[in-house]
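*Asks:* Here you go, one structure.
The values are calculated or read from the model by the stated rules, or taken from the named source; none is laboratory data. If you're wondering where the values come from, they're calculated on a predicted model, not measured in any experiment. Cβ atoms come from the backbone with ideal geometry, glycine included; neighbour counts cover every protein chain shown.
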Amino acid sequence: MPNNMFLSIIVTTIDRIKQIKGLIQSIEEQKFNHGTIQIIIIDQSRINLKEVIKCYKHEVVYIKTNKISLSKARNLGLTYSTGKIVCFPDDDCVYEKGIFNRLYKIIHSQGKGKISFWQFPIFSIDDKYTHVARKWNKDPSRIGLFLMLKNTASAGIFIKSRDIIHQFSEDLGVGAKYSSCEDLIFIWDNIINRDGIHGYYVGASEKYIYHPENNYIDISKQKNYNRGHIKSWEIIFHQSNYYNKIILCFYIGMTFAYHLLSFLFGHIKGNKIKSKYHYSILSDRLSLLMKL
């Protein structure tokens, strides 16, 4: 492994030429002098993107494969990773200039401590003040179980490669048995559920990662995502100590209260789409929980 390989960027793509080129361009535009950067592309497209995707400044590992799940693709990318830090952007993400310098400064300002994972918030490409995936906390803080549940999304994960002792669960994530929460269990397994290492949330006062905004999702898709949430909660509950079980139950209660209130407000305001969306999540998750 090159001594100065700072970062491995693992990205999977399927038939999204414009988006992956935008991501790579945003990586190319970074001015980073503290080490080299490796881009690992797992291409599951119907056409071969090798000639379409060109990157001249950084090392590129191009892997062509048949269509597989997101977690399997990322695990394949991990076998080629040589960076001290690894990240997993979506193929339609864009990085703001300075993100890798910001990460480097955060890591070195924390010294040789036990922090091994950094979570960056994600904002909308179209409206750079709109939060994507969740409402991101403004202030930086150490990540415990509650903040992991509330503020974890794979597109903003940066983790020390030496501390990845568990790959992504191939039962979770898009294309798998449970269509979500592979990132949650990845961080649970490698950071939160281990003694001696910690995670750090960098805060939302500065914006470095952009992604198309997630509007209300097709309810049939949401039902698949719900199964991932319930499965991840089940895994965490059974592996937790008494204290973490309480935190998890409190968090689950908060999510149900949020969707209940959102359903009621949507109904009162006559927003049938919003009301139906939140009711679907609420009723489906309750049904799934009752089956555990």
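*Asks:* Residue pairs, Cβ under 6 Å, 6 or more apart or interchain, first in region 266-285 and over 14 Å from residue 218 (Cα atoms), second assigned to a helix (DSSP H, G or I) and hydroxyl-bearing (Ser, Thr, Tyr). List them.
*Replies:* From region 266-285, the pairs are 266/275; 267/275.
*Asks:* Taking region 203-239 on its own, how many of its residues are hydroxyl-bearing (Ser, Thr, Tyr), over 22 Å from residue 98 (Cβ atoms) and assigned to a loop (DSSP other than H, G, I, E, B)? Steps first, please.
*Replies:* Here is the first cut: in region 203-239, the ones hydroxyl-bearing (Ser, Thr, Tyr) are 205, 208, 210, 216, 220, 225, 232.
In the following step, the residues that additionally are over 22 Å from residue 98 (Cβ atoms) were identified as 216, 220, 225, 232.
With assigned to a loop (DSSP other than H, G, I, E, B) added as a condition, the list becomes 216.
Summing the residues that are hydroxyl-bearing (Ser, Thr, Tyr), over 22 Å from residue 98 (Cβ atoms) and assigned to a loop (DSSP other than H, G, I, E, B) in region 203-239 gives 1.
*Asks:* Can residue 210 be described as touching a Leu at 6+ places or on another chain (Cβ under 9 Å), surrounded by 17 or more Cβ atoms within 10 Å (Cβ to Cβ) and closer than 30 Å to residue 31 by Cα? Write out each step before concluding.
*Replies:* Working: touching a Leu at 6+ places or on another chain (Cβ under 9 Å): no; surrounded by 17 or more Cβ atoms within 10 Å (Cβ to Cβ): yes; closer than 30 Å to residue 31 by Cα: yes.
No, not satisfied.
*Asks:* I'd like to verify a number: residues in region 11-27 that are surrounded by 15 or more Cβ atoms within 10 Å (Cβ to Cβ) and either at pLDDT below 90 or not polar (S, T, N, Q) (or both), how many? Outline the logic, then answer.
*Replies:* Here is the first cut: in region 11-27, the ones surrounded by 15 or more Cβ atoms within 10 Å (Cβ to Cβ) are 11-14, 16, 19-24, 26-27.
From what is left, the residues that are either at pLDDT below 90 or not polar (S, T, N, Q) (or both) are 11, 14, 16, 20-24, 27.
The qualifying residues number 9.
*Asks:* Does residue 196 count as free of Cβ contacts under 8 Å to residues at least 12 places away in the same chain, more than 17 Å from residue 153 (Cα to Cα) and in a loop (DSSP other than H, G, I, E, B)? Break it down into steps so the answer makes sense when it comes.
*Replies:* Details: free of Cβ contacts under 8 Å to residues at least 12 places away in the same chain: no; more than 17 Å from residue 153 (Cα to Cα): yes; in a loop (DSSP other than H, G, I, E, B): yes.
For residue 196, the condition - free of Cβ contacts under 8 Å to residues at least 12 places away in the same chain, more than 17 Å from residue 153 (Cα to Cα) and in a loop (DSSP other than H, G, I, E, B) - is not met.
*Asks:* Among 117, 88, 168, which is touching a residue at least 24 places away in the same chain (Cβ under 8 Å) and over 17 Å from residue 71 (Cβ atoms)? Working first, answer last.
*Replies:* On the way: 88 fails: over 17 Å from residue 71 (Cβ atoms); 168 fails: over 17 Å from residue 71 (Cβ atoms).
After ruling out the rest, the residue left standing is 117.
*Asks:* Of all residues in region 190-226 being closer than 17 Å to residue 179 by Cα and in contact with a helix residue (DSSP H, G or I) (Cβ under 8 Å, 6 or more places away or on another chain), which is modelled with the highest pLDDT?
*Replies:* Looking at residues that are closer than 17 Å to residue 179 by Cα and in contact with a helix residue (DSSP H, G or I) (Cβ under 8 Å, 6 or more places away or on another chain), I get 226.
*Asks:* Pairs only if they're at least six apart or on different chains, beta carbon under 7 angstrom, first in region 134-150 and touching a residue at least 12 places away in the same chain (Cβ under 8 Å), second in a strand (DSSP E or B) and surrounded by fewer than 16 Cβ atoms within 10 Å (Cβ to Cβ); list them, first residue then second.
*Replies:* If the second residue must be in a strand (DSSP E or B) and surrounded by fewer than 16 Cβ atoms within 10 Å (Cβ to Cβ), the pairs left are 147/141.
*Asks:* Go through region 46-74 and count every residue that is surrounded by 18 or more Cβ atoms within 10 Å (Cβ to Cβ), out of contact with any helix residue (DSSP H, G or I) (no Cβ under 6 Å at 6 or more places or on another chain) and among the polar types (S, T, N, Q).
*Replies:* 1
*Asks:* While we're looking at this one, here's another question. Given the criteria of a type in the set (Val, Ile, Thr), assigned to a helix (DSSP H, G or I), surrounded by fewer than 18 Cβ atoms within 10 Å (Cβ to Cβ) and not assigned by TED's automatic domain parsing to the domain that holds residue 117, does residue 273 qualify? So that I can check it myself, show each step before the final result.
*Replies:* Values: of a type in the set (Val, Ile, Thr): yes; assigned to a helix (DSSP H, G or I): yes; surrounded by fewer than 18 Cβ atoms within 10 Å (Cβ to Cβ): yes; not assigned by TED's automatic domain parsing to the domain that holds residue 117: yes.
Yes, satisfied.
*Asks:* I need a count of the residues in region 21-58 that are in a helix (DSSP H, G or I) and either within 13 Å of residue 95 (Cβ to Cβ) or among the hydroxyl-bearing types (Ser, Thr, Tyr) (or both). So that I can check it myself, show each step before the final result.
*Replies:* The initial filter retains those residues of region 21-58 that are in a helix (DSSP H, G or I), namely 21-28.
So of that shortlist, the ones also either within 13 Å of residue 95 (Cβ to Cβ) or among the hydroxyl-bearing types (Ser, Thr, Tyr) (or both) come out as 22-28.
The number of residues fulfilling the criteria is 7.
*Asks:* List, please: which pairs have Cβ atoms under 8 Å, are six or more places apart or on different chains, and start with a residue in region 59-80 that is under 12 Å from residue 13 (Cβ atoms) and end with one that is part of a loop (DSSP other than H, G, I, E, B) and of a type in the set (Val, Ile, Thr)?
*Replies:* From residues that are under 12 Å from residue 13 (Cβ atoms), the pairs are 62/53; 67/14; 70/174; 73/65.
*Asks:* I'm checking my understanding of the structure. Among residues of region 62-89 that are of a type in the set (D, E, K, R) and under 19 Å from residue 50 (Cβ atoms), which one is farthest from the chain's Cα centre (by Cα)? If you could, list the steps in order and put the result at the bottom.
*Replies:* Residues of region 62-89 that are of a type in the set (D, E, K, R), as a first pass: 64, 67, 72, 74, 84.
With under 19 Å from residue 50 (Cβ atoms) added as a condition, the list becomes 64, 67.
On the way: 64: 23, 67: 20 Å.
Going through the qualifying residues, I end up with 64.
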